[in-house]
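The block underneath contains the structure these notes are about, expressed in structure tokens.
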Amino acid sequence: MAERIRVEGGAGRSGSVLASNAPLMAAMQPLGKRKEEFRATFSSAMTEYRRDLSAGSVLRIAGTRFLVVQTSQDGRTAPGAVFQTTDGTRFVMATANNRADAESIAGRIGPEGVILAVQPQWSFPAESWIDADPEFWHSNAVARGRGH
């Protein structure tokens, strides 16, 4: 069974629902400002999880400190969960708990692998993420608000 993940930035129904949530938007505005210097461009894409191309890999966020991402349009396999757009672009995503593991995964992916570090101070983590790694999330305002 395919799972659809929608990543959308302010356009379409999801964007308008988010934009109408005033408390959420007020909380997210300072977050967006802090990230501005790190963004060059913004785009969105609808993807479908491709279990058949993922070699048993699934994307598990709880406990993750690093993501390794590869974007390609070829059929090469890479370690991680594969999400594909309708135009054939593939996003391979693998998780790691430390930088050394992330670098090892990136080495297997190749030069197009990008390592992304999860930043607690910029995140709105789910309770399960906090529970999986409370030490990591202790600096996060959401985690502190939940008594972690």
Query raised in the report: Of the conditions (1) touching a His at 6+ places or on another chain (Cβ under 6 Å); (2) farther than 29 Å from residue 27 by Cα, residue 113 fails just one. Which one is it?
Result: (1)
Query raised in the report: Name the residues in segment 125-148 that are in contact (Cβ under 8 Å) with a residue 24 or more places away in the chain and outside any helix (DSSP H, G or I), would you?
Result: 126, 133
Query raised in the report: Which residue out of 100, 96, 117 is farther than 18 Å from residue 49 by Cα, out of contact with any helix residue (DSSP H, G or I) (no Cβ under 9 Å at 6 or more places or on another chain) and not acidic (Asp, Glu)?
Result: 100
Query raised in the report: Looking at 105, 109, which is the one that is modelled with pLDDT of 90 or more, in contact with a Pro (Cβ under 8 Å, 6 or more places away or on another chain) and surrounded by 15 or more Cβ atoms within 10 Å (Cβ to Cβ)?
Result: 105
Query raised in the report: Before we move on, is residue 78 touching a residue at least 60 places away in the same chain (Cβ under 8 Å) and of a type in the set (A, V, I, L, M)?
Result: no
Report summary line: If we keep only residues of segment 44-86 that are more than 19 Å from residue 122 (Cβ to Cβ), surrounded by fewer than 18 Cβ atoms within 10 Å (Cβ to Cβ) and among the small types (Gly, Ala, Ser), then the residue modelled with the highest pLDDT is 57
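The values are calculated or read from the model by the stated rules, or taken from the named source; none is laboratory data. The structure presented is a predicted model; accordingly, all values stated were derived computationally and were not measured. Ideal geometry is used to build each Cβ from the backbone, glycine not excepted, and the neighbour counts take in all protein chains shown.
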